[in-house]
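K.L.:
I have a structure here, written as structure tokens, and I will follow up with some questions on it.
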Amino acid sequence: MHVYWLLPNRDQRDDLLASDGEKIVSLRQILEPRLRPAGFSHGVPAELLEKCGPKPAEVLFAQRFPDWNDGRQLFAVSTPAGVDTSGRVVHLGLLFILEPHERPRFDLPCAGLSEDDQSYARALLGRLASVRRGDLWAQSVRELSELSSPRGPATNVELERSVVPFHALYSVGPGGLAKKSTTWGKARARSTILLLILIAIGFWLSERACQHSPRPLVWSGAAHGVSAETERIRE
């Protein structure tokens, strides 16, 4: 497992920076642009910030790309980390490069970051290392990190403006986060409804067939023979 901090772009640089905890390098040295999967985000998407209104600090956005490069996977999680001089929200994140069966760990050092970044880093690690009851944002990230068999790219929260389709665990609305029904759950519900419909149709057809079927013809040969024998005895 390789882990890097994605640093806030407070100077609005064209080149994003990352840190392995000791030295700061360009993000492109860790994750070349040509290798970045479609839909990869190094921060919290604007649509989530807009939906959450005046409390963006609690927002966490995570992405998982299970089959990224030679079987390895990418996992990234971001949180708002204040604003720059123009008032624009900046983000602090973690980027994990994982082997196929690895899972992210959140007991990470952050002493190599600046003092401003350390406070946001500690808050992020604290939320993810021990999820508090009611912190659905942190819970959604942990659930995404622990998926046993993700199907394609996935996010912890549904995105409506993304040009890339993602499987999402939660949706966000005026009331906050809400768990989405799983694909399996939806498919099972659809299958159950279809089965009930087919059973009802089969029962209806069976009843209709019974009502319209002709009365069976009874072979009267035996009865005729008995009548003939009776007549002969009388004679």
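K.L.:
From the list Ser145, Ser78, Ser130, pick out the single residue that is under 27 Å from Asp20 (Cβ atoms) and more than 20 Å from the chain's Cα centre (by Cα).
P.N.:
Answer to the selection: Ser130.
K.L.:
Restricting to region 58-77, and then to whatever is of a type in the set (Gly, Ala, Ser) and surrounded by 14 or more Cβ atoms within 10 Å (Cβ to Cβ), can you tell me which residue is nearest to Trp137 (Cα to Cα)?
P.N.:
So the residue we want is Ala62.
K.L.:
Moving on to the next point. Consider region 91-116. How many of its residues are modelled with pLDDT under 95 and either within 22 Å of Arg10 (Cβ to Cβ) or outside the structural domain of Val172 (by TED's automatic domain parsing) (or both)?
P.N.:
Counting residues in region 91-116 that are modelled with pLDDT under 95 and either within 22 Å of Arg10 (Cβ to Cβ) or outside the structural domain of Val172 (by TED's automatic domain parsing) (or both) gives 9.
K.L.:
Among the residues of region 132-165, write down those that are outside any loop (DSSP other than H, G, I, E, B) and touching a residue at least 24 places away in the same chain (Cβ under 8 Å).
P.N.:
Leu136, Trp137, Ala138, Ser140, Val141, Glu143, Leu144, Ser145, Ala154, Thr155, Asn156, Val157
Conditions (1) surrounded by 11 or more Cβ atoms within 10 Å (Cβ to Cβ); (2) at pLDDT below 60; (3) of a type in the set (A, V, I, L, M, F, W, C), marked per residue:
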{"position": "Glu158", "(1), (2), (3)": "yes, no, no"}
{"position": "Leu196", "(1), (2), (3)": "no, no, yes"}
{"position": "Ala200", "(1), (2), (3)": "no, no, yes"}
{"position": "Ala209", "(1), (2), (3)": "no, no, yes"}
{"position": "Ser220", "(1), (2), (3)": "no, yes, no"}
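K.L.:
Got a sec? Which strands (runs of 3 or more DSSP E) wholly within region 1-50 have at least 3 residues that are in contact (Cβ under 8 Å) with a residue 24 or more places away in the chain?
P.N.:
2-6
The values are calculated or read from the model by the stated rules, or taken from the named source; none is laboratory data. Quantities reported herein were computed from a predicted structural model and do not represent experimental measurements. Heads up, the Cβs are rebuilt from the backbone with ideal geometry, glycines too, and the neighbour counts pull from every protein chain shown.
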